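So the structure is just underneath, and the comments pick up after that.
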Amino acid sequence: MDVYRALNIDMPQLLFTVMHQSGPAISDEDFTHTVTALQMDIRRQAQEVGEELHLWLRQQYAQQAGETLQKLQRLSLLSEHANPQQVQEILARDYQRLGMRVGTASLLGMQGSAEETFSEEVPADPDLARRFAGGREYFASLGFKPSQGVIHEAWLLFRGSIHYDIMEHVVRDRMGIYKGSHGEHIQNVARTSFGTYNLVYQVGESLTADLARDAAYQEVTFAFSKGPIQYSPFRQEVSTMLEQIAEQVYLLHVSFWQRKLGLGTGKEFVLRLRLPAGEETLRGLISTIAGSGRVGKEIIVKRGKLLLGTRVL
């Protein structure tokens, strides 16, 4: 049953992240190759699962329509002029509409996936270099070892928590833990950290949108905690701030995420932004956020942890 409609609550858009670092003997090129292969296998398996579900549902609608038609005929409830085939088709369509309304078919289907690699190059600007160092300290607090292997983050974007079960089935049962691309990737990974976030607010294209090949972009992440302010006004204040920033700075994407209750490590809130590459653009973004008010200046820019990266898939 569709619990979201039944309880009159919004269906959450979730981001499942896997931060993973290669072993010191693995090159960035080799690590990216195995990661890309794993991501493509997950996409194919997720698509196949969705197709299998819809095929199964169509079979169920047709079977139930056929059984209902037989009952109506047995009870002599059909007009003698009724076309049995037409009646069965009408019943199947009605069952399908009911299934879409109260079932979970509309929830399934991965919205997108992508892979980011975090920068190892220290910015030339002193202020950015200081913030970059703070980001590396944040990585260390999560158990990673900066400069001892490239650090990536995988993104899986979907709607509804039922995808936990689906993705676990895909990775563990359909793909296998120790074989294929997943097995190869495990051999290259030294450390991992998992997180799951609810989308609070978004402006621009999707986080996992395809990027133009002829342009250079940078992924900018701020990880931060809210402090003593209550949740609802804090989320509203940050969302309003993002709306204002998007009017002043050219951003392809900006999204605000809150860690799902009890799932994951690190800071509770994450701000993800995509903008043209370059330190000047980044400095302008940070200045605009800092000038937006207390939350932007104190919580995000001053106390937040800055992570810089690039999409590799």
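The values are calculated or read from the model by the stated rules, or taken from the named source; none is laboratory data. Just so it is clear, the structure is predicted and the values come from calculations on it, not from any experiment. Cβ: placed from backbone, ideal geometry, glycine included. Neighbour counts: every protein chain shown. These accessible areas exclude ligands, DNA and RNA; they are computed on the full protein's heavy atoms, side chains included. Shrake-Rupley method; radii C 1.70, N 1.55, O 1.52, S 1.80 Å.
Of all lysines in the structure, those lying under 25 Å Cα to Cα from residue 305, and not within fewer than 8 positions of it along the same chain, are 145, 226, 260, 267, 297. First check a/c for segment 240-313, with a ≥ b ≥ c the square roots of the eigenvalues of its C-alpha gyration tensor; if it is under 1.5, answer rounded, and if not, answer prolate when a/b is larger than b/c or oblate otherwise. It comes out oblate by the Cα gyration axes.
Karplus-based coupling profile of segment 307-313, in residue order and whole Hz: 10, 10, x, 9, 5, 10, 7, with θ = phi - 60° in 6.51 cos²θ - 1.76 cosθ + 1.60 and x standing for Gly or Pro.
Solvent-accessible surface of segment 1-129, taken per residue with a 1.4 Å probe and all protein chains present: 61 Å².
Remark: segment 288-296, residue by residue, has Karplus-estimated 3J(HN,Hα) of 5, 4, 5, x, 7, x, 4, 4, x Hz, where x stands for each Gly or Pro and the curve is 6.51 cos²θ - 1.76 cosθ + 1.60 at θ = phi - 60°.
Summary of the geometry: segment 11-74 and segment 216-256, compared by the centres of their Cα atoms, lie 31 Å apart.
Ranking request for peptides 70-79, 280-289, 303-312, 23-32: highest mean number of other beta-carbon atoms within 10 Å first, then the rest in descending order. Could you put the intermediate results ahead of the total?
Details: 70-79: 10.7, 280-289: 17.4, 303-312: 19.4, 23-32: 14.1.
For the peptides 70-79, 280-289, 303-312, 23-32, the packing ranking is 303-312, 280-289, 23-32, 70-79.
Note down the magnitude of the dipole of the chain about its Cα centre, charges +1 on Lys and Arg C-beta and -1 on Asp and Glu C-beta and zero elsewhere, to the nearest 20 debye. Don't skip to the end; give the middle numbers.
Numbers: 33 positive and 36 negative charges, 198 e Å.
Once rounded to the nearest 20, the dipole reads 940 debye.
Measuring nothing but protein heavy atoms, the accessible surface of the chain at 1.4 Å probe radius is 51 percent carbon and sulfur.
For segment 1-143, the alpha carbon positions stretch 85, 35, 24 Å along the principal axes, listed from largest to smallest.
Highest mean packing first, where packing is the average number of other Cβ atoms within 10 Å per residue, the peptides 234-242, 252-260 line up as 252-260, 234-242. Seen against the Cα atoms of the chain and their longest principal axis, helix 231-248 is set at about 70 degrees. Taking the C-alpha atoms only, the angle from helix 28-74 to the longest principal axis of the chain is near 20 degrees. Rg/Rh for segment 1-67 stands at 1.22; both radii use Cα atoms, and Rh follows the Kirkwood definition.
Probe of 1.4 angstrom, ligands and nucleic acids ignored: what's the accessible area per residue over segment 192-313, in square angstrom? Numbers along the way, then the final one.
On the way: 5680 Å² over 122 residues.
Using a 1.4 Å probe on heavy atoms only, each residue of segment 192-313 averages 47 Å².
Relative to the dominant Cα principal axis of the chain, helix 126-141 is inclined by about 60°.
Computed over segment 61-123, the alpha-carbon pair-distance distribution with 5 angstrom bins reads 3, 14, 16, 13, 10, 7, 6, 5, 4, 4, 4, 3, 3, 2, 2, 1, 0, each value a whole percent. Spatially, segment 80-137 and segment 257-313 are offset by 23 Å when compared through their Cα centroids.
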